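Read the structure below first, then the notes.
The values are calculated or read from the model by the stated rules, or taken from the named source; none is laboratory data. Note that the structure is a prediction, hence the values are computed from the model and not measured. Don't worry about glycine lacking a Cβ; one is built from the backbone with ideal geometry, like all the others, and counts go over all protein chains shown. Keep in mind that these areas ignore ligands, DNA and RNA; they rest on the heavy atoms of the full protein, side chains included. Shrake-Rupley method; radii C 1.70, N 1.55, O 1.52, S 1.80 Å.
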Amino acid sequence: MHIVDSQIHIWGADTPDRPWPSRGTHAHRDPPFTTAEVLATMDEAGIEAAILVPPSWEGDRNDLALAAAKQHPTRFAVMGRLDHEAPGAREALEHWREQPGMLGLRFLFHTPLLRTPFVEGKLDWVWAQAERHGIPVMIGLHQEYHELLDALATKHPKLRIAIDHLGLVATERDAAAFRNLDKLLALARHPNIAVKASALPCYTEDVYPYRALHPYVQRVTSAFGPRRVFWGTDLSRLPCTCREAITMWTEEMPWLAPGDLEWIMGRGIRTWLGYETTEESWT
């Protein structure tokens, strides 16, 4: 089975030469997570490739992720960050996917500060331009606010949107974390919305194989279908081994057929993002 992780962060240290902005977000760990460490973990677990998502604590920069994708083009691709207010942002988006390894955009709206521009419509031009140029987006937004995504998908039906971590809140677990799941499931009616079933072991007090999560996973995969559910780890905060994050799906969820798992574990994210996928590579 071809396995592709839908979200991994790498980052550098906060230094005077490369300072982090003050946005109320914090790194998953200290020291930074390096390209070499990520590759070693992927090799050990049997992960073919990964989507690198530059983390919020580094600000709107993509340099390390793009460097990793350039050096390892068969292992990494990037969903990059964009400062919508920066000089030249509109021009940059015109040529966004011309950057080697760059597949699309990722926006994080998980705090009031980061969410405000979205709510106020200051990113409307971004959504329109991304739709026009076929640039997919990943969006981190809690389920409580998913009516915003309903409106976005309705207004821009050709904009491909993938929701990070099922829209879960990082500090919540089990029933509390999934209390607004119906708001996520309602979005399945939009064919241009997919979900990243990433970092799920972070949202339960249960232990491997995380059976407390299985009913929620079953509801999500039933609503969106296996072609719009993308497995992932968010590796730098994973509370289990990378291999367990895989076998939780491939060995412990008997309702998922092998063909469904093929899409969930890798084929779906490659197809959705246009990441070097051909029919021949999946035979």
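Structure notes:
- The stretch 244-270 - residue that is of a type in the set (Phe, Trp, Tyr) and under 19 Å from the mean Cα position of the chain (by Cα) and, of those, nearest to Leu200 (Cα to Cα): Trp249
- Pairing residues of the stretch 254-283 that are more than 25 Å from Glu98 (Cα to Cα) with residues that are open to solvent by 50 Å² or more (accessible area, probe 1.4 Å) and at pLDDT below 95, at Cβ distances under 6 Å and at least 6 apart in sequence or on separate chains, gives Met265/Met1.
- Being open to solvent by less than 50 Å² (accessible area, probe 1.4 Å), in a helix (DSSP H, G or I) and of a type in the set (Gly, Ala, Ser) is a property that does not hold for Ala197.
- Taking the stretch 97-130 as the range and being surrounded by fewer than 20 Cβ atoms within 10 Å (Cβ to Cβ) and basic (Lys, Arg) as the test, the residues that pass are Arg97, Arg115, Lys122.
- Filtering the stretch 26-45 to residues that are surrounded by 14 or more Cβ atoms within 10 Å (Cβ to Cβ), assigned to a loop (DSSP other than H, G, I, E, B) and of a type outside the set (Phe, Trp, Tyr) leaves Ala27, His28, Pro32, Thr34.
- Residue that is open to solvent by 10 Å² or more (accessible area, probe 1.4 Å), among the hydroxyl-bearing types (Ser, Thr, Tyr) and modelled with pLDDT of 95 or more, where the choices are Thr233, Thr241: Thr241
- Taking the numbered list (1) among the small types (Gly, Ala, Ser); (2) open to solvent by 60 Å² or more (accessible area, probe 1.4 Å); (3) in contact with a Phe, Trp or Tyr (Cβ under 9 Å, 6 or more places away or on another chain) in turn, Ser6 passes all entries but (2).
- Pairs linking a residue in the stretch 95-117 that is in contact (Cβ under 8 Å) with a residue 12 or more places away in the chain and under 20 Å from Leu159 (Cβ atoms) to a residue that is surrounded by fewer than 21 Cβ atoms within 10 Å (Cβ to Cβ) and among the hydroxyl-bearing types (Ser, Thr, Tyr), with Cβ atoms under 6 Å and 6 or more positions apart or on different chains, are Leu103/Tyr275.
- Hits in the stretch 269-283 - residues which are modelled with pLDDT under 95 and charged (D, E, K, R): Glu276, Glu279, Glu280
- Here the condition is being in a loop (DSSP other than H, G, I, E, B), among the aromatic types (Phe, Trp, Tyr) and either at positive phi or exposed (fewer than 15 other Cβ atoms within 10 Å of the Cβ) (or both); of Tyr275, Tyr208, it holds for Tyr208 alone.
- Considered as a group, the residues in the stretch 64-96 that are basic (Lys, Arg) and within 20 Å of Ile8 (Cβ to Cβ) include one that is least open to solvent (accessible area, probe 1.4 Å), and that residue is Arg81.
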